[in-house]
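Below you'll find the structure, written out as structure tokens, and then a few comments.
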Amino acid sequence: MEFAPHFFNSKPLKGSVAVFRDRNTSGGWWKGRLWIGFCICLWVMPAKSQNFMISPVTVTNGTINMNFPTRSDSYYLLHASPTLASTSSMVNALQGSGGQLGFNATANRSGSMFYRVEQIPLNSANSLQNDGIPDGWKLQQGLNPLVPGVGTNLATGYATTWLQVYKWQTNLAALPIAYFPNAATTVVVGSTNVLVPVALTKPYTGWLTYNLSGTAIPQSSGVTGDYVSPSGKVFVANSTTANISINLVPETDIEINRSIVIALSAPPVASQSYAITTNTCVTLVQIMQSTQGVYVGTLTITNGLLSGAQSVKMALRTGAGGVPLALLDVTGNSLLGNTFTVPVTAVGKGFQLNGGQFSNTVTNTPWGRNVIVNLTFGNTQFVNVTSSSLGGQTVYGSIFSTPVTVNLSGLTSSGLSYSGSGTLNLSQDQ
């Protein structure tokens, strides 16, 4: 048996192997001479072109083996025809792996046979059976695209056909995905509500549904609860963002930390308009409570780059080792990291932040440099608020005023820092 490789400079669109019998040789097929020709050729596809070589080619026990390198983003069809001019038929198909693969074909004992290997992008819409299911998708599911009637067969693990599964999956892939950009949100009881942001990968119009669970208690008849049960849905008007609003119910003297788990829920498959993924469809709202006092107010910077006012909620809590801490909620302020803690001294029904410091490093800034923000708190002053209706007595809601200095470094390549000053004014809410 002899193998005669031939290399052609023409531009066929498929890799080819020709197998034919030398009819001038007497004796049986395997006693005769078998000529096998194969060519190196270029498979031309826009943005998917690749040179591939069918090598080696072997014949073992009447089976022809053709090996070649494959791509993981393609699939391959084996064509067979008795002559180069005749119409070929598909005899095998396989999905590329990114490594070496091969086709096997039974040798034709009665005459010549020419084989061609065709490379096709895996995401191509080509369907040999014209049944609405692309051949590449079939191969990914372990189906044979050469077998007719696959689309009407019941899919493994489903009560639907393969065609229905394909339509459902591709429709789902075209939908916007709804997800929580933040894995957790911390709020201090004393605020009236908490806004939990939701993001979508494409503009969406319609209702977004969600469910609540967790250790927090919803308000009901005879139960004050931690929050007012929301409707469970929010309308989105041609947007990629939405907010789930949860109304909190402040309670005094609650020592247990409570949390709300929010889970997005997708509509039924029959009316699916958006999709969710398991790792980003759940978020946690941590409700920080304190028997030592909850305060609300404003952090106002009067000069410098950060001039402006920021709503603040603060809870006095016991930290590690029994050291008291002030947890400040500045949600929406990316420079300060939304929430942070500083040491505090509890003074009767008030507090003292004198000397408290906080530092935060902001990464991924527009300037390509890390920005470091430092806050330093001065001596807290207690300002009495009196009520004429109570005979001039000090009332719930007295103001605590603390001077604040802010320093930013890293804004410029030279390292020049910027500073500003202002005041943190808080009144007791619980």
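Brief remarks on what is shown
- Database remark: amide H of residue 337 closer than 5 angstrom to no amide H (H placed geometrically; neighbours at sequence offset of 5 or more, or on other chains; Pro and chain starts carry no H).
- Each peptide in 310-316, 146-152 receives the mean, over its residues, of other Cβ atoms within 10 Å, and ordering these scores from highest gives 310-316, 146-152.
- Once the Cβ-Cβ distance of residue 81 and residue 241 is raised to the sixth power relative to R0 = 60 Å, the FRET efficiency obtained is 0.55.
- Residue 371 versus residue 354: modelled label distance in nm, points set 7 Å from Cα along the beta carbon direction: 3.3
- Derived from the Cα gyration tensor, the three semi-axes of the equivalent ellipsoid of region 295-335 are 25, 10, 9 Å, largest first.
- At q = 0.21, 0.22 Å⁻¹, base-10 log of I(q)/I(0) for region 294-428 (Debye sum, equal scatterers on each alpha carbon): -1.27, -1.35
- Altogether, the Stokes-Einstein calculation at 4 °C and 1.567 mPa s, with the Kirkwood radius of region 154-254 over Cα pairs as Rh, returns a diffusion coefficient of 78 µm²/s.
- Three semi-axes of the equivalent ellipsoid, region 260-347, Cα gyration tensor, whole Å, largest first: 35, 20, 11
- Vicinal HN-Hα couplings computed from phi for region 140-145 (Karplus, 6.51 cos²θ - 1.76 cosθ + 1.60; Hz; Gly/Pro x): 5, 8, x, 9, 9, x
- Taking a point 7 Å out from the Cα of residue 347 in the direction of its Cβ, the residues of region 398-430 whose backbone N falls within less than 12 Å of it are 400-403.
- Each principal axis of the Cα atoms in region 130-174 has its own extent, and those three values, largest first, are 27, 21, 17 angstrom.
- Put the Cα centre of region 68-134 next to the Cα centre of region 176-226 and the gap is 53 Å.
- Full extension of the chain segment joining residue 171 with residue 209 gains 11.7 nm, where the gain is 0.36 nm per residue of separation less the Cα-Cα distance.
- Efficiency of FRET between residue 279 and residue 419 - r from beta-carbon atoms, R0 60 angstrom, step 0.05: 0.90
Rule-based calculations on the coordinates, nothing more; no lab input. Here the structure is a predicted model, which means the values were calculated and not measured. Ideal geometry is used to build each Cβ from the backbone, glycine not excepted, and the neighbour counts take in all protein chains shown.
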